[in-house]
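This report concerns only the one structure given below.
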Amino acid sequence: MTTDVEQPASSDFVLQGVPASNGIAIGKGYIYRRPKPVVNEEKIDSSNITKHVELFDDARRVIEMELQRLKRKEIDEISLQVIDAQVEMVNDPDLEQQVKSLIEDRRHSVDYAIKQVFDSYLEMLSKSQNKITQERMIDLEDVRDRLIQVATNYSIELDIEPGSIVIAEDISPREVIQFSDYNISALVTDHGGQTSHASILARSMGIPSVVGTKRTCQLVEASSQLIVDGNEGLVIVDPDECQLEEYKEKIKNQQVEEQKLRRIISEPSETKDGVPFNLCANIEFVEELPNLQKYGAHGVGLLRTESLFIHKEHFEDQSMQTAFYSEILEKTGSDPVTIRLFDAGGDKFFSMNSDENNPFLGWRGVRMLLDERDLLREQLKAILTVAGRNPGRVKILVPMISIMDEVLEVKDEIASIQEELEEEGIPVDHEIQVGIMVEVPSVAIKAEAFAKEVDFFSVGTNDLTQYTLAVDRGNELISELYQEVHPSVMELIHDCVVAAKQEDIDIAVCGEIASYPKAAVCLMGMGITELSMSPVAIPKVKTLLKKYSTKQMEEIAEEVLSSITAAEVNSILSNL
Ligand code: PEP
Ligand code: MG
């Protein structure tokens, strides 16, 4: 259990949270509060006209999707009418034409153009005494604000100085990317857990991070000096000289340690008795590609594609996606690349499912894709086109499978698109492998049946843990119950290994557990020889795996599998 605030004698105070991304940083605090959309009244450069028109089209598309999604809920007739009216507003050809002409002819920014056009309509409506008309004004304002928000969300300028430590109540994955552009030195959030998507991104970007500190935003003043210890989950506020010296020394040692670990990269990936294993990379952005070589990854074991969404809050069109996947393949030599279909939902995308009470149990991953067929087909077409140009290198991974029908439907869709591409004379990879994420216990329990239908399993322990133990992976209040090495989770993974071996299909683990060296030893002992993780974690995992023979690892796995509690498992692993 973490404590809220500890009071050491020397510094002002220390906050204890959950360690989310390793590393130590010293810097000034920057308190981040999500800004409200601001309208930019300055004229735009004529070279940006097309971009602003596109932003407007994109924003309309996103909002229409949001509204259509709302309509699928059981809502009353009046709400339905309101939503229909809003959809009509979004698609109103006059509004569209007027906004576009303000951008094109007057060089107004997209946000300013939206505001101008909507405000003139609002002014007209305000003259009416009719109550219904008055009510329509509120809806129109709502559409206006949402359009501006979506169209400008990713271009908000912040005054963060390089080296700052960002403190926030909560942050979205998109904001992590945004902060990394400012070269921040660390991140502290009051909410969130180790495997919430923002934490995963912080690790991947090498930003030290502590989450779940509960009251940092309340207790810390802007510009306070801070030490963030991402290894221990500590935030030291206004440290004294002695603490500063101690942590500067720690930073130095850490750098030396990293240098040492790098030496392992050129050595073969094999156990003490010569059994080979593959350590692959989990990535999401092309900016992360240099890390593959730097840390010795064997290709991409998990390409998260939500970034296509994060940056623009909508799915990139097919040609943009094709360019993205092509770049990944070009820059990974001849190594394999596993592309996961959009896993929107949970904590990865907000606006479309903000109306759900339980987003992690809701409309996410394949569930959403099968409802939004155009999006699914668009993404598959892009992936299959790139796969055809790089035969044998691309694998497709389907997220959030919970029932067999989903597997069959995606496979049908893939077959039909392959056929279409061939008819168009586009080369296809007939042998392309299609696998599923094992994240929901229903799949692990019936692993044998699923193994008959797919080419590989990739075990997503981040979600498998949350769904097995009924613990929200991002909720700091119950973070001590989020036990990734819990024997129940381990047993489910083991069941998948047995089924995969029986049906002769590949199995990998791509959840965060794969990056914990001692847990990785146990996974290898269960028979998993492919682990995919944030590239920075590879040297440490490789160092430990090379120290053990297969037999030793099997014995450890056996002991772990006969345990009852996570504490027992931790004690077995701590002896390694
Ligand atoms: C997982 O669930 O373990 C996983 C790798 O997927 P994500 O963290 O993207 O949900
Ligand atoms: Mg997952």
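Read-outs throughout are calculated quantities, based only on the coordinates presented, and are distinct from any laboratory measurement. Keep in mind it's a predicted model, so treat the numbers as computed, not measured. Cβ: placed from backbone, ideal geometry, glycine included. Neighbour counts: every protein chain shown.
Roughly what angle does helix 318-330 make with the longest principal axis of the chain, taking Cα atoms, 0 to 90 degrees, to the nearest 10? Taking Cα atoms only, the helix is inclined about 30 degrees. With all projection directions averaged, the alpha carbon convex hull of region 273-574 covers 15.1 nm². Taking 0.36 nm per residue of separation and subtracting the current Cα-Cα distance, fully stretching the chain between Glu424 and Asn358 would add 19.5 nm. By definition, a body whose alpha carbon gyration tensor gives a ≥ b ≥ c is oblate when a/c is 1.5 or more and a/b is not larger than b/c, and region 195-345 fits this oblate description. The spacing between region 523-576 and region 377-395, judged by their C-alpha centroids, is 34 Å. Annotation: amide H of Ser534 within the under-5 Å range of Asn282, sequence separation 5 or more or interchain, hydrogens built in the peptide plane.
With r as the distance between the Cβ atoms of Lys551 and Glu96 and R0 = 51 Å, compute the FRET efficiency 1/(1 + (r/R0)^6) and round to 0.05. E between Glu96 and Lys551, to the nearest 0.05, is 0.15. Run through the DSSP bridge list for the chain and note the antiparallel percent, rounded to the nearest 5. Rounded to the nearest five, the antiparallel share is 35 percent.
The label-point distance for Asp317 and Ser126, in a model that sets each label 7 Å from Cα toward Cβ, rounds to 3.7 nm.
To the nearest 0.05, how large is the calculated FRET efficiency for Leu408 and Lys248 if R₀ is 45 Å and r is the Cβ-Cβ distance?
Numbers: r = 58 Å, r/R0 = 1.29.
Working from the Cβ atoms, E equals 0.20.
Based on the mean of other Cβ atoms within 10 Å per residue, sort peptides 45-54, 284-293 so the most packed one is first.
Numbers: 45-54: 13.5, 284-293: 17.4.
In decreasing order of mean packing, 45-54, 284-293 become 284-293, 45-54.
Ordering of 60-66, 569-575, 270-276, 381-387 by packing is 381-387, 60-66, 569-575, 270-276, highest average first (other Cβ atoms within 10 Å, averaged per residue).
Compared with the dominant Cα axis of the chain, that is its longest principal axis, helix 93-106 is turned about 90°. Give me D for the chain in µm² s⁻¹, whole number, from Stokes-Einstein with Rh from the Kirkwood sum over alpha-carbon pairs, 4 °C and 1.567 mPa s. Value of D from the Cα-based Kirkwood radius: 51 µm²/s.
Place the peptides 557-564, 426-433 in order of packing, highest mean first, counting for every residue the other Cβ atoms within 10 Å and averaging per peptide.
557-564, 426-433
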